[in-house]
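Report on the structure given below.
The values are calculated or read from the model by the stated rules, or taken from the named source; none is laboratory data. None of the values given here were measured: they were computed from a predicted structure. All Cβ positions, glycine included, derive from the backbone under ideal geometry; neighbour counts span all protein chains shown. Surface accessibility is based on the protein's heavy atoms, side chains included, excluding ligands, DNA and RNA. Shrake-Rupley method; radii C 1.70, N 1.55, O 1.52, S 1.80 Å.
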Amino acid sequence: GRTTLPAINLSVQGTMAFVTAQDGLRVVDLSDPGRLEVLGFVATERPALAVESEGAIAYVASQTAGVTVVDVAQPEQPRVVSISPDTRTAWSLALLGDYIVVGNGTDGVSVLDRSNPSALRLTSHIDVEGDVISVAGSGDTAYLAAGHGGLYTLDIRKPSAPTLTRIATGPNQAS
């Protein structure tokens, strides 16, 4: 039979997937795509909207609960190790080196220091025109999709004072 698996977003590492849903994060074994197996689950305070993973840590955008850090070293028993001190809504996130860039919807974008996953630290926050609901990253640059606000880049070479640049306007905006 087919596996029932609620899914909003996912991150894949090797043969493991970290899958977000309304109730939390599932760790899924992908070694046999014809027979997915949910190895573990951890609840989040709010709906888990996005996830990025690196090594034994998964970072989950947990809506109004901010960013939830989950230790996935034991896939059968994932556990929450911390929740970000930044209480803005977390819709999406991207990992850039020791930092997490978090799309905060109508609250703009935040940069969190993740050098100590058990104690995330807010490094900076910037207001952005539009709703930042999608973030992707490469190197020291985050790319932000901000709905009617258009597309932006965020250069975090100076994480405490990142540089925001609009690269495309949204509909009904002068260029």
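Could you check the simple spin-label distance between T15 and S115, using points 7 Å along Cα→Cβ, in nm with one decimal?
The two pseudo-label positions are separated by 3.7 nm.
Select one label from (i) 15.2, 46; (ii) 17.8, 53; (iii) 16.3, 53: the one whose number is Rg and Dmax of the Cα atoms in Å as derived from the coordinates shown.
Recomputing Rg and Dmax of the Cα atoms in Å here gives the entry labelled (iii).
How big is the range 71-155 by Rg and Dmax over its Cα atoms, in Å?
When restricted to the Cα atoms of the range 71-155, Rg and Dmax are 13.3, 41 Å.
Over the chain, give the accessible area per residue in Å² for a 1.4 Å probe, as an integer.
Working: 8490 Å² over 175 residues.
So the chain comes to 49 Å² accessible per residue, rounded to a whole number.
What's the center-to-center distance, using Cα atoms, between the range 16-50 and the range 110-126 in Å?
Cα centroid of the range 16-50 versus Cα centroid of the range 110-126: 24 Å apart.
Within the accessible area of the range 57-161, what % is carbon and sulfur when the probe is 1.4 Å and the other protein chains stay in place? Intermediate values should be presented prior to the final figure.
On the way: 2020 of 4320 Å².
So the carbon and sulfur contribution to the accessible surface is 47 percent.
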